[in-house]
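The values are calculated or read from the model by the stated rules, or taken from the named source; none is laboratory data. As the structure is a prediction and not an experimental result, all values here were calculated from the model. FYI the Cβ positions are ideal-geometry reconstructions off the backbone, even for glycines, and counts take in every protein chain you see.
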Amino acid sequence: MASPSKAIIATLLLLAIALPDCQAKSRPSFSGKLAIHHAIGRQAHHIELPKHHRPKFHPGPWKNAHATFYEGGSGTFGGACNYKDVAGQGYGMNTAALSSVLFQNGQACGACFEIKCANSPQWCKLGQPSLKVTATDHCPPNPSLPNDNGGWCNVPLEHFDIAKPVFSQLAEYKAGIIPIQYRRIPCEKQGGIRFTITGNPWFYQVIVWNVGGAGDVIGVQVKGDDKLKWTQMERDWGSTWKTSAILVGESLSFRVRASDNRSSTSWHVTPKNWQFGQTFEGKNFK
Ligand SMILES: *[C@@H]1O[C@H](CO)[C@@H](O)[C@H](O)[C@H]1NC(C)=O
């Protein structure tokens with residue numbers, strides 16, 4: 001029974017002798033400092049890379065606006081965002097036409113909103129349900145009508161025009177126009193961002209749709225696998241981007257920047273022999 005305690009004492013003695021040396025060793029040596037600098041340098045480098053560290057899109061603050069409804073629903077084709085067949089493209093009927101200040105010349109195309117009926121006990125449906133809509137169209141101003149009587153989408157009003165069946169989830173449609181509260185929310189889309197190539201060999205257009213996360217696109221770049229370097233596209237209108245750079249005959253990659261400054265790169269989403277009118281699926285924002 002004596003030997004284990006002797007061993008412990010011996011160990012303690014050894015530690016006492018070794019300790020000054022340990023402390024000396026724990027001071028950073030020249031190479032240790034270098035390693036620390038290197039680590040900090042790498043970290044800083046990572047912070048600069050937006051796609052790794054920029055957080056996911058989060059809901060924005062609630063704001064006040066008004067909403068009306070339009071007749072019909074699933075027959076919504078085209079519109080100012082140029083989403084061809086919004087129901088077929090997975091947007092369903094939960095789409096909205098936005099007044100000019102919200103639409104921002106098409107920059108809002110694809111943004112998602114949560115909307116709830118506000119301050120109309122006589123019209124709001126019980127339990128204050130909320131609904132989620134994607135911006136797919138522009139509600140044009142009607143300057144011949146006053147802002148408070150028909151000119152709902154005039155500047156500077158914040159207004160949503162939504163399909164009647166969807167509106168009626170919020171309020172009695174007899175109300176006609178209701179005060180609402182709305183906020184930006186992340187878009188939940190199935191699958192990847194879609195790229196539909198239209199135009200002709202002298203003028204290329206790419207419709208960018210089914211964008212998750214922030215949902216609204218502020219920049220698109222295209223790259224080929226041969227001659228074409230990364231090239232900034234310009235917004236043509238709505239969700240349609242254009243370039244006169246030659247895309248034909250190259251396997252294309254696209255980089256999409258959303259309004260929260262996050263980027264998503266879809267590498268080689270087309271074959272070299274892609275055709276006008278075809279749609280390709282890339283990577284999405286989470
Ligand atoms: C995005 O980046 C631009 C320029 O770098 C900056 O002005 C803008 O505030 C940024 N927006 C967001 C939402 O981070």
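Details
- Conditions (1) assigned to a loop (DSSP other than H, G, I, E, B); (2) surrounded by fewer than 22 Cβ atoms within 10 Å (Cβ to Cβ); number of the one not met by residue 108: (2)
- Look at segment 257-277: where a residue is farther than 18 Å from residue 56 by Cβ and assigned by TED's automatic domain parsing to the domain that holds residue 221 and a partner is within 16 Å of the ligand (Cβ to nearest atom) and outside any loop (DSSP other than H, G, I, E, B), sitting 6+ places away or on another chain with Cβ atoms under 9 Å, you get 266/255; 266/256.
- Annotation note: of 154, 200, the sole residue that is surrounded by fewer than 22 Cβ atoms within 10 Å (Cβ to Cβ), closer than 30 Å to residue 244 by Cα and at pLDDT 95 or above is 200.
- Test result for residue 206, more than 16 Å from the ligand (Cβ to nearest atom), buried (at least 19 other Cβ atoms within 10 Å of the Cβ) and not hydroxyl-bearing (Ser, Thr, Tyr): yes
- Test result for residue 264, modelled with pLDDT of 95 or more, within 16 Å of the ligand (Cβ to nearest atom), in contact with a strand residue (DSSP E or B) (Cβ under 6 Å, 6 or more places away or on another chain) and closer than 19 Å to residue 191 by Cβ: yes
- The number of residues in segment 140-199 being part of a loop (DSSP other than H, G, I, E, B) and in contact with a helix residue (DSSP H, G or I) (Cβ under 9 Å, 6 or more places away or on another chain) comes to 11.
- With respect to the conditions (1) among the basic types (Lys, Arg); (2) surrounded by fewer than 14 Cβ atoms within 10 Å (Cβ to Cβ); (3) closer than 16 Å to residue 206 by Cα, residue 257 lacks only one, and its number is (2).
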